[in-house]
Amino acid sequence: MRHLQPAWLDVVVDNLGRGLWSLLFKWAWLVSAVEWCVFVCNNSARGDQWKNSFISSPRLIQAIMANGFRTPLGTWALGALLLALSVEIWCIWTHIEHLTGDEPEQKRE
């Protein structure tokens, strides 16, 4: 029996976060469920070598995953993820500031 690779912690943390978001929408649980299915299938089929077995994938995916993301395209893809995370954190922080602001309500005329 294969042991889970260290990526399990990343998947657990991601899914806990998505689980919290799923409290907002009735169908949002599906995102977390699909990610778990993909993780289990990937781990069962490829084990620790999941990053090294993209031979049958499209060329774009092969280029991104080549050398463990250590290519210009892989760096670009990870950078785009970090930029998206930064924008999401900014949006959440701005929303929290808006909700907790002490501005008086405007009177309706």
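The values are calculated or read from the model by the stated rules, or taken from the named source; none is laboratory data. Here the structure is a predicted model, which is why all the values come from computation and not from measurement. Here the Cβ is made from the backbone with ideal geometry for all residues, glycine too, and neighbour counts use every protein chain on show.
Remarks
- Against the test of being surrounded by 10 or more Cβ atoms within 10 Å (Cβ to Cβ), of a type in the set (A, V, I, L, M, F, W, C) and either outside any helix (DSSP H, G or I) or in contact with a Gly (Cβ under 8 Å, 6 or more places away or on another chain) (or both), the options Ala63, Ala45 yield a single qualifying residue, Ala63.
- Pair list, Cβ < 8 Å and 6+ apart or interchain, from segment 57-84 residues that are closer than 22 Å to Asp14 by Cα to residues that are assigned to a helix (DSSP H, G or I) and charged (D, E, K, R): Met65/Lys51; Gly68/Lys51
- Answer residue from segment 6-35, given it is part of a helix (DSSP H, G or I) and modelled with pLDDT of 80 or more and is nearest to Ile92 (Cα to Cα) among those: Leu30
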